[in-house]
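Remarks on the structure that follows.
Readers should treat all values here as calculations from the given coordinates under stated rules, not as data from a laboratory. As the structure is a computational prediction, the values presented were derived from the model and not from experiment. Please note: Cβ atoms are built from the backbone with ideal geometry, for glycine as well, and neighbour counts cover all protein chains shown.
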Amino acid sequence: MEIITKISKQTIKIAVIGELDANSAISLDRVIRKAIQDEFYKIIIDCEELEYISSAGLGVFISYIEEMKTHHGQFVFIKMKDRVYNVFKILGLEKLITILPSFEEAKKVLHEN
C-alpha cells in the first residue's frame, strides 16, 4: 500500500507500507508513472513502514532513475530500516539513490521549504 502526499508543485511523498514485492511493485509502478505524468519529478519515498523489498520492488525505482534525472528530479528515500538499507547497500544502490534519515533533510536536499 502507498500513501501519497503532495509537498509542492513538483514534489510528492510516497509512503510505502509493508512488503514491496512482485505483486505490490505493479501498483507502485503505476503510482510513480502517474506522478511523472503529472510532472512530479522530486519524489520522497518514506520507508518508515517498509518491512521488505524484493528485486522487483527495487526494479521499479531503478527503471525511473534516468527519466527523473532528465527532468532534474530524483528519488530521496527516508527513514529506511537497517534490513531494507542492507539490500540497497549490497547492490551498491546507496551510491545511485539518496537515502536520508528524515523528511526535513529530504526537503532540504530537494530545496523545499
Q: Rank these for me by crowding, Y85, Y41, going from fewest to most other beta carbons within 10 Å.
A: Y85, Y41
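Starting with the fewest neighbours, write out S24, S54 ranked by other beta-carbon atoms found within 10 Å of each beta-carbon.
Ascending number of Cβ neighbours within 10 Å: S54, S24.
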Q.
Could you work out [θ]222 nm for the chain from helices alone, using -39500 (n - 2.57) per DSSP H run of at least four and dividing by all its residues? Round to the nearest 500 deg cm²/dmol.
A. -13000 deg cm²/dmol
**Q.** For the chain, built as a Gaussian network whose Cα springs stay under 10 Å, the top-fluctuating residue of L96, L50, L20
**A.** L96
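Please arrange T70, T11 by counting, for each residue, the other beta carbons lying within 10 Å of its beta carbon, fewest first.
Numbers: T70 9, T11 21.
Neighbour counts put them in this order, fewest first: T70, T11.
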Q) Can you give the % of DSSP beta bridges in the range 1-73 that are antiparallel, to the nearest 5? A) 40
Q. Using the Kirkwood radius built from alpha carbon pairs, what does the Stokes-Einstein equation give as D for the range 2-109 at 25 °C and 0.890 mPa s, in µm² per second?
A. 180
Q) With θ set to phi - 60° and the Karplus curve 6.51 cos²θ - 1.76 cosθ + 1.60, what are the ³J(HN,Hα) couplings of the range 99-110 in order, to the nearest whole Hz, using x for Gly and Pro? A) 10, 10, x, 9, 5, 4, 5, 4, 4, 5, 4, 8
